[in-house]
Amino acid sequence: MASDSPRRAMITGITGQDGSYLAELLLDEGYDVYGMVRRTSTETIERVNHIKERLNFVAADLTDQTSVIDAVNDVRPHEIYNLAAQSFVPTSWKQPIFTGNVTALGVTRMLEAVRMVDKSIKFYQASSSEMFGDVRETPQTELTPLYPRSPYGVAKCYGHYITINYRESYDMFAVSGILFNHESPRRGLEFVTRKITNAVARIKLGLQDELRLGNLDAKRDWGFALDYVRAQWLMLQQDDPEDFVISSGETHSVREFCRIAFEHVGLDWEKYVVVDPKFYRPAEVKLLLGDCSKAREKLGWIPETSFAALVQMMVDADMLRHKAELAVSQKS
Ligand code: NAP
Ligand code: GDD
C-alpha cells in the first residue's frame, strides 16, 4: 500500500456514545475508520447511522479471542481505540463475571491480537475515573492510588494495568486514558445525566409526572464527550506512550445537575424528583474530581464545554426529540 494512503483506525465500541463521536473525528482527520461490531438480532448502529456509508464494519466480539485476532489481522489498522465494555456500573454487580470477561479480559484479548498481528499498532485503552473509587486523594491524578468500588471499577483496573504491562513487556505503544465522566445527547438513557435530561423533557411536555433517582449527593467531574474523544486521539499522536487523566477539573452533585436541568425549562426540580432507594448502589463512589494538568501541558488539551452548557445542551436535545416524536404521533 502506498505510504500516502489514508491511515486506518479501528474502534471497538463504535456503536456507543464515545465510539460515535470518535468515528466522526477520525473521518474528519482523513482516516479510514473500521468499527468492530458484535452480532445482535437487531441493529445497534443508531448513533453512527448518519455516517454509516463512510464507515467499515468488522464483526467480532471482545469475549471471543479468534474473532478479535481475525478482525485486527483483516484490517491491519495503524491505531486501535478499545472503547468496548460493559460500561454500566449497576449492571456490574448483577453480572460481575460477564463484566470481567468483557471489560477486563477483553482488553487482554485486544492486546494479544496486537502483539500477534503487528506490535507497531498504536493502542488506546478506555480507562476510567471509576478506578479511583473510594478516593485516596483529591483531586485525582495519574499517580493517585486506585481503590475501585464496583466490579466494573475492578475490571477497569485490570484493563488499565494489563495495558501498562504490555507496554512495558513488549515495547508496544499502548496507553490508557483515565477519563472522568463524560456525557452528551448520545449518552445511554440509564446513566444519571441522560436519565435526568430525558425526564425533564418528558415532564415539561406532560409525558411523565416524576423522576425517581438514587443518591443525590454523589459528586462527579462531568465533561462533554466530544471534547474527550479528541483527547483519546491526541494520546495516540504523541511520540511516547503515556497515560493521561482527562477531566473538567470541576465537581458537581447529582442534585446540582437536577437543579440546572429543570431550571432550564422553567421548572423547580424539588417538585418532581423523588429519592428511591432502589437506585442506591451496594458501594458508592462519593466524589470524583480530576486534575488534568498533564494533559493540558503535554497534549495541549483543554475541556471546551462548561458544566451548565453541557446540561442545557442535553435538555435541549431531549426536548427536540420528544417534541418531534409527539408531532409524528399527533399526525398519525
Ligand atoms: P457505551 O455507550 O456503553 O458503549 C459501549 C460499547 O461497547 C458499545 O458499542 C457496545 O456495543 C460495545 N460492547 C460491549 N460489549 C462488547 C463486546 N463483548 N464485544 C464488542 N463490543 C462490545 O460506552 P461509552 O460511554 O461510549 O464509553 C466508552 C468506553 O469508555 C467504555 O469502555 C467505558 O467503560 C469507558 N469510559 C466511559 C466513560 C464515560 O463517562 N462515558 C468514562 C470513563 C471510561 P453494543 O452496541 O453492541 O452494545
Ligand atoms: N445511573 C444512575 N441512576 N445513577 C444515579 C441515579 C440513578 O437513578 N441516582 C443517583 N445516581 C448516582 C450514582 O449513584 C452515581 O454516584 C452517579 O449518579 C453517576 O452514575 P452514572 O451516571 O450511572 O455514572 P457512573 O459514575 O456510575 O459511571 C459512569 O462514569 C464512569 C467514569 O467515572 C460510566 O460511564 C462508567 O462507564 C464510567 O467509567
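The values are calculated or read from the model by the stated rules, or taken from the named source; none is laboratory data. Not measured: the values here are computed from a predicted model. Heads up, the Cβs are rebuilt from the backbone with ideal geometry, glycines too, and the neighbour counts pull from every protein chain shown. We work out accessible area using only protein heavy atoms, side chains counted, and drop any ligands, DNA or RNA first. Shrake-Rupley method; radii C 1.70, N 1.55, O 1.52, S 1.80 Å.
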Residue 289 long-range amide H proximity, modeled H, under 5 Å: 140
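Quick one: Kirkwood hydrodynamic radius for region 17-85, alpha-carbon pairs, angstrom, one decimal?
12.7 Å
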Acute angle (nearest 10 degrees) that the helix 307-331 long axis makes with the longest principal axis of the chain, alpha-carbon atoms: 70 degrees
Helix axis angle, 192-204 relative to the chain longest principal axis, alpha carbon, degrees: 40 degrees
Amide N proximity, region 21-37 versus residue 54 label position 7 Å along Cα-to-Cβ, cut-off under 13 Å: 21-34
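Cα gyration tensor of the chain, axes a ≥ b ≥ c as square roots of the eigenvalues: rounded (a/c below 1.5), prolate (a/b > b/c) or oblate? Can you show the working numbers first?
Details: a/c = 1.76, a/b = 1.40, b/c = 1.26.
Verdict is prolate for the chain.
Find the accessible area per residue for region 266-332; the probe is 1.4 Å, ligands and nucleic acids are left out, and the unit is Å². Kindly include the intermediate steps, with their values, before the conclusion.
Numbers: 4140 Å² over 67 residues.
Value for region 266-332: 62 Å² per residue.
Kirkwood hydrodynamic radius for region 136-197: how many Å is it when counted over pairs of different Cα atoms? Walk me through the intermediate numbers first.
Values: mean 1/r = 0.0713 Å⁻¹.
Computed over region 136-197, the radius equals 14.0 Å.
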For region 61-68, Karplus couplings with θ = phi - 60° (6.51, -1.76, 1.60), whole Hz, Gly/Pro x: 9, 5, 8, 10, 4, 4, 5, 5
With 5 Å bins from 0: P(r) over region 80-173, alpha-carbon pairs, percent: 3, 15, 24, 21, 18, 13, 6, 1, 0
Packing rank of 42-48, 315-321, 275-281, where each peptide gets the mean count of other beta carbons within 10 Å, highest leading: 315-321, 42-48, 275-281
Within straight-line cross-link reach of residue 94, lysines at Cα separation under 30 Å, skipping those fewer than 8 residues along the same chain: 156, 195, 219, 278, 286
Amide proton proximity set for residue 57, modelled H, under 5 Å, gap of 5+: 35
Percent breakdown of C-alpha pair distances by 5 Å bin, ordered from the shortest bin, for region 1-156: 2, 9, 17, 19, 19, 16, 10, 5, 2, 1, 0
Accessible area (Å², 1.4 Å probe, nearest 10) - residue 182: 20 Å²
For residue 212, residues with placed amide H under 5 Å, excluding near neighbours: 274
Using alpha-carbon coordinates, inclination of helix 106-117 to the longest axis of the chain, degrees: 30 degrees
